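Chemist: I have a structure I would like to understand better, so I am pasting it below and will then ask my questions one at a time.
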Amino acid sequence: MDLNGVLKKYTDWARPRMRPAFIIIGTQKAGTSSLFNILKTHPRILAPSHKEIHFFDRETSYNKGLRHYLSNFPIEPLRKTGHITFEATPSYLYYADKVAQRIQRHLPGTACVAIHEITGRTKDPRLKYLARGRYSEQIARFKACIPHDLLHVHSYLDLKKDTSLFTTKLCEKLGLSPIQADDPILGSHANKRPYMAPLDKTLAQELYTYFSPEMERLKDVLGFELDIMEGHG
């Protein structure tokens with residue numbers, strides 16, 4: 001690396017970084033990759049270095065400090081441009097017991113966006129997936145730390161049904177202009193890896209039966225009903 005390159009690397013490190021205006025906190029396999037790729041095309045949004053930063057949920061990263069976290073984001077412009085940045089780490093919701101407090105401590109004023117889905121397709125429905133499905137507990141922890149107007153909880157089914165309408169409403173909540181309805185990005189699906197094979201109908205029904213009380217608890221926490229059971233019936 002020549003002298004100019006060394007100087008640029010040093011000055012870039014020394015300059016302040018943008019802080020995320022919002023964070024997509026979950027959940028996994030619920031459209032977060034698609035939403036991330038859609039939002040990063042917005043003219044007012046500057047994307048981070050990569051999607052899943054895993055700062056607030058992994059001790060090895062968190063212990064490196066906030067400066068390490070912010071190094072993943074664009075350099076703060078010398079002049080105010082109205083641009084914002086964001087990140088998306090879907091596992092943040094699962095680790096809500098520590099992540100919610102950490103976000104509020106280090107990034108007060110940052111909005112949190114959660115997308116939920118319960119599907120009849122999963123590798124280990126009785127163990128891992130059921131644990132990750134305790135949405136009411138996870139959302140309650142975020143509600144205890146994040147101001148009401150900064151916590152946005154949505155259903156993946158709405159994103160899947162009408163991507164344009166979903167992103168328009170979300171952008172409005174985030175103080176952004178809508179993405180044009182004819183933008184090709186709205187018809188893309190960033191994460192096309194398939195789910196595991198569908199469960200048999202009996203086991204799928206057991207999952208839905210298991211989650212019914214959870215849906216009621218989630219309704220109590222949110223104050224409204226969120227339809228996140230895909231394919232039920």
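Every number in this text was worked out from the coordinates using simple rules, so none of it is lab data. None of the values given here were measured: they were computed from a predicted structure. Neighbour counts are summed over all protein chains in view; Cβ atoms, including those assigned to glycine, are modelled from backbone coordinates with ideal geometry.
Chemist: Taking the beta-carbon count within 10 Å as an exposure proxy, list Arg15, Arg79, Arg58 from fewest neighbours to most.
Modeler: Arg79, Arg15, Arg58
Chemist: Order of 106-115, 158-167, 209-218 by packing, highest average Cβ count within 10 Å first?
Modeler: 106-115, 158-167, 209-218
Chemist: Modelling each spin label as a point 7 Å along the Cα-to-Cβ direction, I'd like the Thr209/Leu165 distance in nm, to one decimal.
Modeler: 3.4
Chemist: Next up: How big is the gap, in Å, between the Cα center of the range 152-183 and the Cα center of the range 15-56?
Modeler: 15
Chemist: Mind scanning Lys160/Lys201; Lys29/Lys80; Lys80/Lys219; Lys64/Lys161 and naming the pairs with a C-alpha gap bigger than 30 Å?
Modeler: Pairs exceeding the cut-off: Lys29/Lys80; Lys80/Lys219; Lys64/Lys161.
Chemist: Okay, moving on. Pop a pseudo-label 7 angstrom from the Cα along the beta-carbon direction at both His106 and Gln180 and give the gap in nm to one decimal.
Modeler: For His106 paired with Gln180, the spin-label model returns 3.7 nm.
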